[in-house]
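Please treat every number below as a calculation from the coordinates, not as lab data. The shown structure was predicted, so the numbers you read here are calculated from the model rather than taken from an experiment. Note that each Cβ is placed from the backbone with ideal geometry, even for glycine, and that neighbours are counted across all protein chains shown.
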Amino acid sequence: MMAPRSSSFFLRRRSRATCTSTIQSALSSSSWRAATTRCSSPKTTFRRPNYSFFMDILLDTVRDEIARCIEKAYDRISSHEATRMLFLDSPQQTDVYASKRGWTATHNVYQFSTEVKHTEDVISTEDLASQAIGYARELEMIV
């Protein structure tokens with residue numbers, strides 16, 4: 001008696017799905033790397049020097065956001081990894097940046113203080129509530 005072929009169909013379909021998810025993951029990863037590479041070397045892509053001023057500001061903003069994410073995600077990070085993730089050219093630049101952020105360095109590893117809080121990012125609840133009410137009023141006037 002012949003075995004049903006449906007099981008082989010589902011196995012092939014599962015392996016196809018695994019292959020597809022692997023390809024999607026690889027594409028996502030490579031597009032993220034490409035985007036960060038474009039951000040990390042902006043001065044080489046522009047012909048006019050006027051743009052470098054704005055790209056420096058953009059790169060500093062991106063670097064600060066990445067540093068905030070690193071502080072939240074890790075307790076410590078190696079100097080080499082921090083240099084790579086923050087798009088810095090040398091470990092000396094990383095040391096300067098780390099000292100600005102309040103990171104402590106021991107044996108080429110940066111330790112993040114749990115007390116490091118960036119108060120400029122905190123919004124009071126009263127301001128947030130009044131802003132939401134203001135948006136609601138504006139939306140009501142539009143509708």
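What's the exposure ranking of ILE57, ILE70, going from fewest to most Cβ atoms within 10 Å? If you can, show how the numbers build up before the last one.
On the way: ILE57 10, ILE70 19.
Ranked by crowding around the Cβ, least crowded first: ILE57, ILE70.
In whole Hz and in residue order, list the ³J(HN,Hα) couplings for segment 65-71 that follow from phi through the Karplus curve 6.51 cos²θ - 1.76 cosθ + 1.60, θ = phi - 60°; x for Gly and Pro.
5, 5, 4, 4, 5, 4, 4
Would you please name the GluC sites (Glu not before Pro) within segment 52-133 that are DSSP coil residues with at most 12 other C-beta atoms within 10 Å of their C-beta?
Passing both the DSSP loop test and the Cβ count: GLU115.
Work out from phi, with θ = phi - 60° and the Karplus expression 6.51 cos²θ - 1.76 cosθ + 1.60, the ³J(HN,Hα) of each residue of segment 72-86, listed in order in whole Hz, and give x for Gly and Pro.
6, 8, 10, 8, 8, 8, 6, 4, 4, 5, 5, 4, 5, 5, 8
Cut-off is 10 Å between beta-carbons; in what order do LEU86, LEU59, LEU139 appear when sorted fewest neighbours first?
Starting with the residue having the fewest Cβ neighbours, the order is LEU139, LEU59, LEU86.
Give me a comma-separated list of calculated 3J(HN,Hα) values for segment 122-127, in order, Karplus coefficients 6.51, -1.76, 1.60 applied at θ = phi - 60°, integers in Hz, x for any Gly or Pro.
7, 10, 5, 5, 5, 5
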